[in-house]
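Inspection log for the structure reproduced underneath, given as structure tokens.
Throughout, read-outs are computed from the coordinates displayed, never taken from laboratory work. Please read all numbers here as calculations on a predicted model, not as lab measurements. All Cβ positions, glycine included, derive from the backbone under ideal geometry; neighbour counts span all protein chains shown.
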Amino acid sequence: MTYLNSTSSFGLDTLSMQQELVRDRIRTLHREAEEERRVNGILRLRRARRDAERASSRLRHALLRLV
């Protein structure tokens with residue numbers, strides 16, 4: 001009977017450890033996804049700034065040709 005109880009306890013400990021590993025992996029995936037969203041946002045912002053600078057430069061050159 002004691003053997004059965006220790007086996008059951010071992011099974012529960014293993015299950016609990018597996019569940020914690022799964023929860024930890026999920027948290028890691030959420031964190032990585034958030035980091036990726038931030039990086040993509042920064043890249044979009046840089047691209048938008050670069051595009052705005054190019055447009056401003058083209059406008060400046062066009063205005064200088066009119067003068």
Rounded to two decimals, the Debye log10 I(q)/I(0) of the range 20-67 (Cα scatterers, no solvent) at q = 0.17, 0.18, 0.26 Å⁻¹ is -0.64, -0.67, -0.87
Just name one of M17, V67, L43: the one whose Cα is farthest towards the positive end of the charge dipole of the chain (beta-carbon charges, Lys/Arg +1, Asp/Glu -1). V67
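Please state the charge dipole magnitude for the range 20-67, taken about the Cα centre, from unit charges on C-beta atoms (+1 on K and R, -1 on D and E), reported in debye and rounded to the nearest 20.
Around 440 debye, computed over the range 20-67.
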What does the charge add up to near R25, with Lys and Arg as +1, Asp and Glu as -1, over the other residues with Cβ less than 12 Å from its Cβ? 0
Once both axes come from the Cα atoms, what is the angle between helix 2-66 and the longest principal axis of the chain, in degrees from 0 to 90, rounded to 10? 0 degrees
